[in-house]
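Heads up, the thing below is written out as structure tokens.
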Amino acid sequence: MQIIEALLLEPVGCLAEFPSAPFHEIAVRLFGRKRNASSSASRTYWHLLNLIDAAETPFDEEKKNVAEALEVEAVDAASLYEDVLPALAELKSMGIRLFVASSLSRRAVSKFIERNSIGEFLSGVHARDEAVGVKSAPLVNALRSASLPREKAMFLTDTVEGIRVARSVGVHPILMMNDPDEAQRLAMHNPAGGIISLHEMPDFIRLIAAQNQRR
């Protein structure tokens, strides 16, 4: 792995603990899904993204407003992980460029950033609105807008879908191991690395840099 210059962040499951109910409600109201909600907000969220990605037409204004309102509800109920602010500060001090690259709406992402006071650490924000799509679209938008070398960027994720999306665009998927049992299963999908806390990320990036210097 080459020296890392940038980290792409998806708030859901990686920066904060989100409720699953609002994402499930979007799937029910806009896509007619009837099954029970998963207890995992990340799995529910990525299931919703699959539905959005597979839809033949984009949301009309009414559906867009419904989705945004429920996403903001999820943001309002989310709890930022306690290690996020010090970890982001350390990463920025190391010269690592930090980007939110999320399939949430711009309205929800902006609310999350403002509510949790993380804007000062970010080099850019890319939501589904400006990316004109979900899943890989915000990552591609971030990479192109900032002229980031893909082989020098990481995407933090806690789902198998996130691992696949990162690989599909050529960045390194890093597994956020929130749940030990789930992490063991996800490790079988060969992420480029894994952390149990964002606080570990600075040392992980330093280790990669040191390995490159020894080559």
Note to self: Can you give the local net charge around residue 186? Use residues other than it whose beta-carbon is closer than 12 angstrom to its beta-carbon, Lys and Arg +1, Asp and Glu -1.
What the structure shows: -2
Notebook entry, point to check: Length gain on complete extension for the stretch residue 145 to residue 192, per 0.36 nm per residue less the alpha carbon to alpha carbon distance?
Noted result: 14.5 nm
Next item on the list: Would you mind finding the longest exposed-site-free stretch of the chain, with exposed GluC sites (Glu not before Pro) meaning DSSP loop and at most 12 other Cβ atoms within 10 Å?
Entry: 83-215
Notebook entry, point to check: Considering only 210, 175, 79, whose Cα is most displaced toward the positive end of the charge dipole of the chain, charges sitting on Cβ of Lys, Arg (+1) and Asp, Glu (-1)?
Noted result: 210
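Relative to the present Cα-Cα distance, how much length would full extension add between residue 31 and residue 63 at 0.36 nm per residue of separation? Intermediate values should be presented prior to the final figure.
Working: separation 32, 0.36 × 32 = 11.52 nm, distance 1.02 nm.
Gain in length upon complete extension: 10.5 nm.
Kirkwood hydrodynamic radius (Cα pairs, Å) of the chain? Working shown, then result.
Working: mean 1/r = 0.0576 Å⁻¹.
Evaluated over the chain, this radius sits at 17.4 Å.
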Next item on the list: With a 1.4 Å probe and every protein chain left in place, tell me how much accessible area residue 106 has, in Å² to the nearest 10.
Entry: 80 Å²
Checklist line | Set of aspartates and glutamates near residue 152 by C-alpha distance (under 12 Å), chain-local residues within fewer than 8 positions excluded | finding: 5
Check: Label-point separation (nm) for residue 1 and residue 185, each offset 7 Å from Cα along Cα-to-Cβ?
Finding: 2.4 nm
Next item on the list: Could I have the simple spin-label model distance between residue 212 and residue 77, label points 7 Å from Cα toward Cβ, reported in nm to one decimal?
Entry: 4.2 nm
Next item on the list: Kindly report the accessible area of the chain per residue (heavy atoms of protein chains, probe 1.4 Å, no ligands, DNA or RNA), in Å².
Entry: 47 Å²
Margin query: Based on C-alpha coordinates, I'd like the Rg and Dmax of the stretch 43-93, in Å.
Written below: 15.7, 44
Notebook entry, point to check: Measuring from the lowest to the highest alpha carbon on each principal axis, how far does the stretch 116-203 reach, largest first, in angstroms?
Noted result: 35, 29, 23
Check: Can you flag which of 92/135; 63/135; 63/111 are past 21 Å Cα-Cα?
Finding: 92/135
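The values are calculated or read from the model by the stated rules, or taken from the named source; none is laboratory data. Not measured: the values here are computed from a predicted model. Virtual Cβ from ideal backbone geometry, glycine too; neighbours counted across all protein chains shown. Note: accessible area is taken over every heavy atom of the protein model, side chains too, but ligands, DNA and RNA are not part of it. Shrake-Rupley method; radii C 1.70, N 1.55, O 1.52, S 1.80 Å.
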